[in-house]
Amino acid sequence: MIRAARGLVDLDQATLGELVSVDRRTIVRLEAETVAPTNPRRIAVIVAIRDLLESKYGVRFIYADRNTGEGVVMERGR
């Protein structure tokens, strides 16, 4: 969902990496992962990315449940 959120707010990988103080390659690896990370450092980076995109850019992450799939949307008025 990180890649979709970046696209929604027109951020490239390098810029997002700078905003959360990680290298662009870290963003590339996180976007390529297909399973949820278990490494505490990676989890912390994902939380930092999510928090930044939600608070600064108005992105809302939608997690899959019985009725919907996962995705990202912009909050109204942003």
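Figures for the structure shown
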{"read-out": "Search result, residues across the stretch 37-61 that are open to solvent by 50 Å² or more (accessible area, probe 1.4 Å), under 12 Å from the mean Cα position of the chain (by Cα) and more than 16 Å from L19 (Cα to Cα)", "value": "I43, R60"}
{"read-out": "Unmet requirement for L8, which otherwise passes all of (1) touching a residue at least 12 places away in the same chain (Cβ under 8 Å); (2) open to solvent by 70 Å² or more (accessible area, probe 1.4 Å); (3) assigned to a loop (DSSP other than H, G, I, E, B)", "value": "(3)"}
{"read-out": "Subset of the stretch 1-47 (residues that are within 16 Å of V72 (Cβ to Cβ) and small (G, A, S))", "value": "A4, A5, G7"}
{"read-out": "Of all residues making up the stretch 69-78, the number that are open to solvent by less than 70 Å² (accessible area, probe 1.4 Å) and more than 22 Å from V20 (Cα to Cα)", "value": "1"}
{"read-out": "Any hit, the stretch 25-33, residues being open to solvent by 50 Å² or more (accessible area, probe 1.4 Å), modelled with pLDDT of 95 or more and farther than 14 Å from M1 by Cα", "value": "yes"}
{"read-out": "Filter result (more than 16 Å from A4 (Cβ to Cβ) and not in a helix (DSSP H, G or I)) within the stretch 36-77", "value": "A36, P37, T38, N39, D65, R66, N67, R76, G77"}
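The values are calculated or read from the model by the stated rules, or taken from the named source; none is laboratory data. Small disclaimer: the values here were computed from a predicted structure and weren't measured. All Cβ positions, even for glycine, are placed from backbone atoms using ideal geometry, and neighbour counts span all protein chains on display. Note: areas computed on protein heavy atoms with side chains; ligands, DNA, RNA excluded. Shrake-Rupley method; radii C 1.70, N 1.55, O 1.52, S 1.80 Å.
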